[in-house]
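Any read-out appearing in this document is the output of simple, stated calculations on the displayed coordinates, not a laboratory observation. Computed from a predicted structure; not experimentally measured. Note that we place each Cβ from the backbone using ideal geometry, even for glycine, and neighbour counts take in every protein chain shown.
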Amino acid sequence: MQALEAAFINEDVINGDQIVFARIRIRIDNLIEGEEYRVTFPYGIHTFVAGEDAGPGTRAGPGLRLTRDIGITTALDFAAPLEGDIGPFLIPTSDTGGPFGANFFRVEGPDAADPYPLSQRCADPTLGPDPVALNDCMQGDRFFVGVCDRQGE
């Protein structure tokens, strides 16, 4: 999930406590513990090692998580999120996407495409760690805005 979010710095809704922040959140579960996975999306490329658990709110099994918030610490500082990972803003096009030229979300690593259908697996079998495996890369070009509960889960 990539988003600009608005909230209040405390739980109570009080004028003057407004905040805006840039958030990048990646959560993937059911991976192979200890294996390396590469995630590419419009605003970054990150490499992770799958841990023992993806955390609360996810299915059982090894996974990975990344949450990076920029601008969440100071009320009424509406410029701080501009220093975050969200930008330049994506526009509807098939040519470019963000600073990395990636108009997609891709996960490369052992069994990364299981149990996804063939339509969500990478078209290029050389992507992923094994140049002949057909299940080590999944990719999609659809993005959505996620809604978080009070705890951000």
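Values as computed for the structure displayed
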{"read-out": "Three-way shape label, the stretch 1-52, alpha-carbon gyration tensor, a/c 1.5", "value": "prolate"}
{"read-out": "Peptides 19-31, 122-134 ordered by average Cβ neighbours within 10 Å, highest first", "value": "19-31, 122-134"}
{"read-out": "For peptides 32-41, 8-17, sequence by mean Cβ density within 10 Å, most packed first", "value": "32-41, 8-17"}
